[in-house]
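First up is the structure itself, then whatever we jot down about it.
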Amino acid sequence: MKLFRILIADDHEIVRRGLRVLLQNHEGWEICGEAVDGSDAVDKVVQLKPDLAILDIRMPKLNGLEATRQILQLEPRTIILVLTIDESEQVFREVLKAGAKGFLHKSDAAMSLKAAVEALQRGQTFVTSQFVDRPLEGRLKERDTAVIAEAGRNRLTPRELEIVQHLAEGKTSKQVSALLGISVKTTETHRSNIMRKLNFHSVSQLVMYAVRNNLLRIPQESFEQTRE
């Protein structure tokens, strides 16, 4: 069986050690390397070609966002999970815009890290349950509030909501087509209609919509543990 190879990047040794302890005994996973800053993370990803890179958002030399951008330019097949202590929606938006598939608050790591990696390994998007559970609408910028108002006027059909869920979880149009038993062309048509109805222009906006409307499937076991 091919191992799922993971790189850990954080400038604090004790954090790297803790993440390694949480992950190293999971069957089928291998910690293939560690990086001490953002620049080192980029170099190690190019050298080791891990399946997943776990990046702290605040690192010297290169922060996690810029490291994510550079990694995905050089090794686009690498999945990125960003760890942060920042709870701002702006950071969440920037993480998604950079191309990361996972967003995990460090306070959730002990309970949710394994669930996050499992979701990303399956090709899904993972958003920390702490963030999903917060009322975001009251803190949205005026531009985003207009998007929600537009969404209210143009409600999506059940099929479109289903497609939003799959796309927000990181699936391609081809994968969605196979899951739903429809053609790729039909899926692309639904996708175009969804983006038009919601006035969206990027997948990151679609993920934000899915989070606000509870369309992302957060592993239930992890969610319950985090709330205890």
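Details
- Placing pseudo-labels 7 Å out from each Cα toward the beta carbon at Arg17 and Glu188 gives an inter-label distance of 5.3 nm.
- With 32 Å as the limit, the listed pairs Lys44/Lys171; Lys49/Lys97; Lys106/Lys174 have Lys106/Lys174 beyond it between alpha carbons.
- Descending by average beta-carbon neighbour count within 10 Å, the peptides 189-198, 105-114 line up as 105-114, 189-198, the highest first.
- Shown here for the stretch 1-44: trypsin sites (Lys or Arg not before Pro) in loop regions (DSSP other than H, G, I, E, B) with at most 13 other Cβ atoms within 10 Å, namely Lys2.
- Sorted largest first, the spans of the alpha carbon positions of the stretch 4-124 along the three principal axes are 34, 30, 29 Å.
Rule-based calculations on the coordinates, nothing more; no lab input. Predicted model only: the values in this text are computed from it and were never measured. A quick note on method: Cβ atoms are made from the backbone with ideal geometry, for glycine too, and the neighbour counts reach across all protein chains shown.
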